[in-house]
Structures are given as structure tokens and as C-alpha cells.
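Novice: Below is one structure. I have some questions about it.
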Amino acid sequence: AQKVTQAQTEISVVEKEDVTLDCVYETRDTTYYLFWYKQPPSGELVFLIRRNSFDEQNEISGRYSWNFQKSTSSFNFTITASQVVDSAVYFCALSEEGTYKYIFGTGTRLKVLA
Amino acid sequence: DVKVTQSSRYLVKRTGEKVFLECVQDMDHENMFWYRQDPGLGLRLIYFSYDVKMKEKGDIPEGYSVSREKKERFSLILESASTNQTSMYLCASSLRGISYNEQFFGPGTRLTVL
């Protein structure tokens, strides 16, 4: 069965700290896609990154980085030198090849304090 | 700039009322989705449409129906609103191709049923 677990419900950090958001997934498929979305207070989910199951290379985009490890079924997201504008709810999602459905985790609320 | 818009940000209705939530996208996307977001439950798919007049049930379709008469517009209908349908409703769209393509989200409608 498909499942996405974001065990951290809420994290608070002080500005400039690094923070890692955990995502653990379950799937029996060999081809699948993983996503991260950000939901700021305005409500609209914003796409951050997509990874397919055959690409385990880590990715860095500015202060954001993602660590995909198939061996532990994890797709973790790290924000370096966090800023107040990073405060949001972050969702991890899984989609299996040939399906339209995303399976979303329950989200992690990140609060960055000035 | 790509856009998914939803007709209302906040809506208050009474039990038993018929409620229409409208979603419009300007990206010529084939796929459109309606989700419900509740604390601790993440996003759950209500209905999905992959073409005009085509629809599929998601995980929680009970108490809801949908309409897609034009490609850019996808409506969610609560035939007889109940208090347990108080929630945040999110619309999304994506290109045909299903699992790989990211979904673009609207700002959400926070519905309260009294």
C-alpha cells in the first residue's frame, strides 16, 4: 500500500538555523515520483521539487537541498540558514507510475522565529 | 504567470444548503482535482477529472459531486451541506501525463457549515 509519513508535526527554529524535514514513504512500485510542496499562510501549495525513483542524486537549489535514499525510503528536505519567509507547512507527496493520485503526507509546520 | 483561481476564499453556509465551489485554470491543463485539507490528515482527494465531462472518484467522494463542462472550469458541489464538511477545499490542475507532472494549486476555499 502507498503511504507517506511526515512524523514531525511542527518544528520551530530560530532564524539562520538549519532545519531538516523528514519524509518516509511506502510503495511496492519500482517506478514512482516524489514531490515536495510548500504551503505559506496564503494557502496556495507551491511546487518545490520532483524526483523519480531512478534518480537518487541529491539536489540543491539555493538554500534548499533534498536527500533521496531508496535504501531507507526517505526523501528529506533541508533548509540551510532558515529565514522567516520559510515559515509554512511543507508537504511531501508520492505518485506511482500510471496513476493520477498523489498520496500526501500530513505535513510539517515550520516556524522560523526572528 | 500560471493561475488556478477559486471563486471564494471564505464561505459560510447552513446545514442542508447546496454549495458550489468553483475552480478555473488558465493553463489549458487536462487534469483537474479537488482536495480537502484537514488538520492532521493532510490532503485527501475528493474527485479527479481528466477531460471535459469526465470524472473519477477519489478517496472521499461521499457527499460530493463534480461538474466539468469546460476544460478550464471544475466545480465541486455539496448537494446538502453538513457540519462535517467544514474544511479547507483546494483545487489543482496538471498536464495530461498523470503521475509525473506537478500539480498547480489554487489558494483554497475555507468552508464553514453551521
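The values are calculated or read from the model by the stated rules, or taken from the named source; none is laboratory data. The shown structure was predicted, so the numbers you read here are calculated from the model rather than taken from an experiment. Virtual Cβ from ideal backbone geometry, glycine too; neighbours counted across all protein chains shown.
Novice: Do you know which residues across the range A:59-68 are under 13 Å from the mean Cα position of the chain (by Cα) and of a type in the set (S, T, N, Q)?
Specialist: A:65, A:67
Novice: Something else now. From A:18, A:55, which residue is farther than 17 Å from residue A:107 by Cα and at pLDDT below 95? Walk me through it before giving the result.
Specialist: On the way: A:18 fails: at pLDDT below 95.
Selected residue: A:55, the only one of A:18, A:55 that is farther than 17 Å from residue A:107 by Cα and at pLDDT below 95.
Novice: State which residue is modelled with the lowest pLDDT when the search covers only the range A:89-101 and only residues that are at negative phi and within 7 Å of another protein chain (Cβ to nearest Cβ).
Specialist: Applying the first criterion (at negative phi) to the range A:89-101 yields A:89-97, A:99-101.
Filter again for within 7 Å of another protein chain (Cβ to nearest Cβ), leaving A:91, A:95-97, A:99-101.
Working: A:91: 97, A:95: 92, A:96: 89, A:97: 85, A:99: 82, A:100: 78, A:101: 82.
Ranking the qualifying residues of the range A:89-101, first place goes to A:100.
Novice: Let me ask something additional. Where in the range B:41-114 are there strands (runs of 3 or more DSSP E), lying wholly inside it, with at least 2 residues that are free of Cβ contacts under 8 Å to residues at least 40 places away in the same chain and among the aromatic types (Phe, Trp, Tyr)? Before the answer, list the steps.
Specialist: Working: elements: B:42-51, B:54-57, B:65-70, B:73-78, B:87-94, B:109-113.
In the range B:41-114, B:42-51 are the strands (runs of 3 or more DSSP E) which contain 2 or more residues that are free of Cβ contacts under 8 Å to residues at least 40 places away in the same chain and among the aromatic types (Phe, Trp, Tyr).
Novice: Name the one entry in A:42, A:71, A:61 that is surrounded by fewer than 15 Cβ atoms within 10 Å (Cβ to Cβ), within 14 Å of chain B (Cβ to nearest Cβ) and polar (S, T, N, Q).
Specialist: On the way: A:71 fails: within 14 Å of chain B (Cβ to nearest Cβ); A:61 fails: within 14 Å of chain B (Cβ to nearest Cβ).
After ruling out the rest, the residue left standing is A:42.
Novice: For the range B:64-77, does any single residue satisfy the condition of being touching a Leu at 6+ places or on another chain (Cβ under 6 Å) and closer than 19 Å to residue A:35 by Cβ?
Specialist: Checked against the condition, which is being touching a Leu at 6+ places or on another chain (Cβ under 6 Å) and closer than 19 Å to residue A:35 by Cβ, the range B:64-77 yields no hits at all.
Novice: Here's another thing I want to ask about it. Quick check on residue A:77: is it modelled with pLDDT of 95 or more, assigned to a strand (DSSP E or B) and within 12 Å of chain B (Cβ to nearest Cβ)?
Specialist: Details: modelled with pLDDT of 95 or more: yes; assigned to a strand (DSSP E or B): yes; within 12 Å of chain B (Cβ to nearest Cβ): no.
No: the conditions fail for residue A:77.
Novice: If you scan the range B:30-60, which residues turn out to be surrounded by fewer than 20 Cβ atoms within 10 Å (Cβ to Cβ) and either of a type in the set (S, T, N, Q) or more than 10 Å from chain A (Cβ to nearest Cβ) (or both)? Can you show your working first?
Specialist: Here is the first cut: in the range B:30-60, the ones surrounded by fewer than 20 Cβ atoms within 10 Å (Cβ to Cβ) are B:30, B:38-41, B:44, B:50-60.
Selection gives B:30, B:51, B:52, B:53, B:54, B:55, B:57, B:60.
Novice: So, one more: Is there a residue in the range B:61-78 that is surrounded by fewer than 21 Cβ atoms within 10 Å (Cβ to Cβ), within 22 Å of residue A:96 (Cβ to Cβ) and modelled with pLDDT of 95 or more?
Specialist: For the range B:61-78, residues surrounded by fewer than 21 Cβ atoms within 10 Å (Cβ to Cβ), within 22 Å of residue A:96 (Cβ to Cβ) and modelled with pLDDT of 95 or more: present.
Novice: Here is a further query. Can you tell me which condition residue A:22 does not meet? The list is (1) more than 15 Å from the chain's Cα centre (by Cα); (2) among the charged types (D, E, K, R); (3) closer than 15 Å to residue A:3 by Cα, and all the others hold.
Specialist: So residue A:22 meets the others, but not (1).
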